[in-house]
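Undergrad: Okay, here's the structure, questions in a sec.
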Amino acid sequence: MRSKILLSTLAFTSALMTTAAPAAMASSADEAQLQALRQEMAQMRREMMGQISSLKTRLAKSEATAHPAGTPHGKGTNYAANMPRHHYVESGPVDPSVQFNDSTAQTGRLKLQTSGTPVTDRGDVTSWKSFRQATRSDENVHIGGMIIGFPKGRFTVASEDASYGMSIGLAFHEDFGGFFNSGPRPGEARGQFNSFTTNMRRLRIPFTFRYKNWVAAVTPDFGANHDDGYVGLYEGNLNYTGLRNTILTVGYFQPRVTEEDSESSNDFMTLERPSITDMVRNIAAGDARFSVGALHYEKRWWIAGYFTGQEWGHRNGSDNGAGTYYYGGGTGSSTMDSQTGATLRVAGRPVATKDWDVHLGASAISAFRLACSPSSSQAAQTPVTSCSRSTSFGQRPEFDIGEGNLATTGGISDAAQVWAAGPELGVRWNRLLVKGEYYHVGVQRSGTNLKSASFQGWYGSAAYTLFGTPRLYSEKSGAFTAPGVAEKEEFDPATNHWGALEVVGHYSVIDLNSHLNDAVAANVIRGGQQTVWTGGLNWYPNRHFRVMLDYSHFIVSRSKDATNLYGRDGNSFAVRVQAGF
């Protein structure tokens with residue numbers, strides 16, 4: 001009531017000054033004084049109108065808080081007190097001496113209601129309900145009917161009801177380091193094994209555009225591929241989130257297959273994925289793969305399946321040298337029949353307590369029709385009437401600063417289908433997480449006397465959080481997150497706070513040999529067996545930044561590659577500085 005009386009008084013005063021101004025000017029003989037008086041009165045009127053506008057807005061907010069729409073009968077003030085609170089920034093000057101019993105007036109900064117884990121490296125696709133909750137509960141300000149804030153730590157602008165929204169993020173991974181004691185044997189090519197070099201591993205800027213439960217995610221990547229200076233697209237897709245705990249997706253996307261691939265790269269234990277999961281995901285998934293499908297999750301289980309096609313840029317003739325299995329590069333514009341495939345991943349969580357999490361799962365992936373491209377001899381035909389289907393596998397020693405593959409199969413001709421399948425296991429006990437996966441890979445071949453090729457690989461990883469929030473389980477991704485840093489524990493030596501620190505390690509093996517003793521030479525595939533031991537430290541000063549330090553020792557038996565004719569081993573040392581918003 002006092003607000004309404006004060007509002008009326010201010011309006012009356014403004015009108016009175018407006019009518020009094022001519023009289024004041026008429027009574028003055030000095031033109032300069034008249035001009036100064038006009039300016040003073042105009043300024044006073046602007047300030048009064050600003051106060052009126054501000055008071056109207058505050059009064060509306062106060063009444064809405066006291067009697068919110070849909071408030072259960074009889075709950076009144078107690079109900080309003082439990083509603084989410086925000087900062088409001090009003091237009092026009094505000095007199096600090098004017099006080100209101102306004103529940104929205106807050107002196108303290110609102111705290112992020114999360115455990116402080118890093119943000120995702122991709123567009124954060126959530127339901128409209130979850131998005132509205134985030135914009136209500138996280139740090140934000142209200143300006144002219146818009147909400148500006150940082151739900152989940154990502155800059156977001158949304159309409160007052162969160163129907164419309166746009167978010168902009170960042171995933172920045174800069175790697176530097178090199179190899180030592182990794183030189184070639186006599187007769188081998190040296191390869192790109194630098195003693196020291198750098199690589200912008202990822203520089204993604206996720207843009208997310210929302211209208212209620214419809215979300216478009218577009219993420220360019222200025223650190224795409226494996227060499228500095230390459231620009232690509234990480235994702236460009238449309239999503240519908242109106243079904244409970246379900247995301248329907250179409251467009252260029254990273255289909256979730258394998259536990260390791262379901263994690264954000266901001267959460268990796270070591271700089272790179274284990275070789276087998278990287279190899280498996282690129283059969284018919286991987287970054288920027290055309291996909292149509294869905295995922296659904298509950299507290300105890302998770303499932304996702306996608307029909308997939310070609311990678312973004314796969315038919316771009318200017319990208320021939322970029323490689324078949326990495327997004328941003330393809331086999332060229334001569335592709336006559338693009339690849340099609342599918343992925344399926346299911347996971348369960350039979351144990352979920354404060355101290356224990358147990359994860360069980362299985363992933364399967366298949367390229368049931370490989371891309372068909374003409375060989376050099378076929379391309380010489382005029383017109384081109386035929387094409388062939390082939391595949392290949394190759395992996396770096398889990399350190400990605402532009403070096404070449406040591407384990408590689410070379411081209412496998414007459415490849416009709418490629419598939420892989422295997423189990424997942426993860427166990428968390430308090431601050432300790434142990435997990436691993438195994439996959440068998442098959443290549444079905446169609447030529448006469450050609451046998452199907454088979455490969456395999458596995459890994460085991462462990463992480464122990466020395467201080468900070470330990471790695472926890474994410475129901476939405478069906479995978480484990482990075483350690484978290486609560487806001488009160490962020491790095492600040494003056495208060496003896498140091499963020500989070502974890503020690504990590506893994507053992508990784510891939511076997512790319514098949515039919516080594518077969519009498520038919522075309523069946524013999526000598527890709528080599530690669531073993532990598534990795535240990536490292538990860539420090540998180542807060543949820544947005546991380547410094548990683550990895551040491552790796554690798555052993556690779558001989559393969560068909562010119563850099564590994566007799567078997568090769570060596571060591572690498574690498575550092576990553578990471579920022580995520």
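Undergrad: Considering only residues of the range 231-270 that are within 22 Å of GLY484 (Cβ to Cβ) and of a type in the set (Gly, Ala, Ser), which is surrounded by the most Cβ atoms within 10 Å (Cβ to Cβ)?
TA: Result: SER262.
Undergrad: Looking only at the range 282-315, count every residue that is open to solvent by less than 40 Å² (accessible area, probe 1.4 Å), in a strand (DSSP E or B) and either touching a Phe, Trp or Tyr at 6+ places or on another chain (Cβ under 7 Å) or more than 16 Å from SER262 (Cα to Cα) (or both) and tell me the total.
TA: 7
Undergrad: Return the residue satisfying two criteria in turn: it lies in the range 146-163 and is over 16 Å from GLY123 (Cβ atoms) and either modelled with pLDDT of 90 or more or not in a loop (DSSP other than H, G, I, E, B) (or both), and of such residues it is most open to solvent (accessible area, probe 1.4 Å).
TA: Per the criteria, the residue is MET146.
Undergrad: Ok, one more. Is it the case that some residue within the range 461-475 is without any contact (Cβ under 8 Å) to a residue 12 or more places away in the chain and part of a strand (DSSP E or B)?
TA: For the range 461-475, residues without any contact (Cβ under 8 Å) to a residue 12 or more places away in the chain and part of a strand (DSSP E or B): present.
Undergrad: Also, quick follow-up: Across the range 530-571, which residue is farthest from the chain's Cα centre (by Cα) among those that are of a type in the set (Phe, Trp, Tyr) and crowded, with 18+ Cβ neighbours inside 10 Å?
TA: Here the answer is PHE554.
Undergrad: Scan the range 195-204 for residues that are in contact with a Gly (Cβ under 7 Å, 6 or more places away or on another chain) and crowded, with 16+ Cβ neighbours inside 10 Å and jot them down.
TA: Passing the criteria: THR197, ASN199, MET200, ARG201, ARG202, LEU203.
Undergrad: Okay, next question. Residues VAL358, VAL434: which one is at pLDDT 95 or above and open to solvent by 60 Å² or more (accessible area, probe 1.4 Å)?
TA: VAL434
Undergrad: So which residues in the range 489-524 are open to solvent by 10 Å² or more (accessible area, probe 1.4 Å) and in contact with a His (Cβ under 8 Å, 6 or more places away or on another chain)?
TA: Within the range 489-524, GLU489, GLU490, PHE491, VAL524 meet the criteria.
Undergrad: Looking only at residues that are modelled with pLDDT under 95 and of a type in the set (Gly, Ala, Ser) in the range 437-467, which one is least open to solvent (accessible area, probe 1.4 Å)?
TA: GLY447
Matching residues to (1) closer than 30 Å to ARG568 by Cβ; (2) in contact with a helix residue (DSSP H, G or I) (Cβ under 7 Å, 6 or more places away or on another chain); (3) among the small types (Gly, Ala, Ser); (4) assigned to a loop (DSSP other than H, G, I, E, B):
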position	(1), (2), (3), (4)
ARG190	yes, no, no, yes
ASN199	yes, no, no, no
ARG202	yes, yes, no, no
ALA224	yes, no, yes, yes
ASP228	yes, no, no, yes
GLU235	no, no, no, no
LEU238	no, no, no, no
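Undergrad: Output yes when any residue across the range 125-138 is assigned to a loop (DSSP other than H, G, I, E, B), open to solvent by 40 Å² or more (accessible area, probe 1.4 Å) and either in contact with a strand residue (DSSP E or B) (Cβ under 7 Å, 6 or more places away or on another chain) or at pLDDT below 80 (or both), and no when none is.
TA: No, there is no match, as no residue in the range 125-138 is assigned to a loop (DSSP other than H, G, I, E, B), open to solvent by 40 Å² or more (accessible area, probe 1.4 Å) and either in contact with a strand residue (DSSP E or B) (Cβ under 7 Å, 6 or more places away or on another chain) or at pLDDT below 80 (or both).
Undergrad: Now for a different question. Does TYR438 satisfy the criteria of being touching a residue at least 12 places away in the same chain (Cβ under 8 Å) and closer than 25 Å to GLY394 by Cβ?
TA: Yes, satisfied.
Undergrad: Could I ask something else about it? Would you check if there is a residue in the range 165-173 being more than 24 Å from LEU295 (Cβ to Cβ), open to solvent by less than 40 Å² (accessible area, probe 1.4 Å) and in a strand (DSSP E or B)?
TA: Yes, the conditions are met somewhere in the range 165-173.
Undergrad: Sort through ALA482, ALA500 and tell me the only one that's touching a Phe, Trp or Tyr at 6+ places or on another chain (Cβ under 6 Å) and not aromatic (Phe, Trp, Tyr).
TA: Just one listed residue meets the conditions, ALA500.
The values are calculated or read from the model by the stated rules, or taken from the named source; none is laboratory data. Source: prediction; values computed, not measured. When we count neighbours, we look across all protein chains shown, and the Cβ atoms used for this are built from the backbone with ideal geometry, even at glycine. Ligands, DNA and RNA are stripped out before the accessible areas are found, and what is left, the full protein with its side chains, is counted by its heavy atoms. Shrake-Rupley method; radii C 1.70, N 1.55, O 1.52, S 1.80 Å.
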